[in-house]
Amino acid sequence: MSAAFHQSDREFARRVIFEHARNGSDGTRATAVLCIGHVARIDGDLPPDLVVELVADALCDEDPAVRGQAIAALQDIECVMPDTAARIKALASCK
């Protein structure tokens with residue numbers, strides 16, 4: 001969370017968040033996915049291809065906390081990157 005809100009080196013913040021969104025415990029992944037939404041709101045943009053894949057995967061994660069935070073992140077992304085949000089929704093096909 002600190003990286004999303006307080007890290008002045010935005011590229012570093014993004015790298016940390018994206019890394020933890022893929023790897024780590026359920027709680028770590030959930031927090032990192034939520035931070036993707038925060039960074040989208042704060043910065044106004046993120047690399048769409050990476051965000052689409054990460055959030056779409058998180059929407060289908062086996063852990064309910066990760067899925068819940070992915071929904072919150074998607075809502076944030078929808079506010080500032082509506083085309084990216086639409087791509088996330090189209091890609092997220094949970095089995």
Within the range 20-48, residues assigned to a helix (DSSP H, G or I) and closer than 17 Å to Glu78 by Cβ come out as Val33, Leu34, Cys35, Ile36, Gly37, His38, Val39, Ala40, Arg41, Ile42, Asp43, Pro48
Within the range 28-48, residues in contact with a Phe, Trp or Tyr (Cβ under 8 Å, 6 or more places away or on another chain) and surrounded by fewer than 24 Cβ atoms within 10 Å (Cβ to Cβ) come out as His38, Ile42
*Residue check: is Ile17 open to solvent by less than 30 Å² (accessible area, probe 1.4 Å) and farther than 14 Å from Leu74 by Cα?*
yes
Scanning the range 39-48 for residues that are closer than 19 Å to Arg22 by Cα and over 9 Å from the mean Cα position of the chain (by Cα) gives Leu46, Pro47, Pro48
Taking the range 49-95 and the residues there that are among the acidic types (Asp, Glu) and exposed (fewer than 14 other Cβ atoms within 10 Å of the Cβ), the one that is farthest from Arg29 (Cα to Cα) would be Asp83
When the range 49-81 is checked residue by residue, the ones that are more than 11 Å from the chain's Cα centre (by Cα), assigned to a helix (DSSP H, G or I) and closer than 22 Å to Glu11 by Cα are Asp49, Glu78, Cys79, Val80
For the range 16-41 the number of residues that are among the polar types (S, T, N, Q) and over 16 Å from Pro64 (Cβ atoms) is 1
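The values are calculated or read from the model by the stated rules, or taken from the named source; none is laboratory data. Please read these numbers as outputs of a predicted model, since none were measured by experiment. Quick reminder, even Gly has a Cβ in these numbers, built from the backbone with ideal geometry, and neighbours come from all protein chains shown. Please note that ligands, DNA and RNA were not included when accessible areas were found on the heavy atoms of the full protein model with its side chains. Shrake-Rupley method; radii C 1.70, N 1.55, O 1.52, S 1.80 Å.
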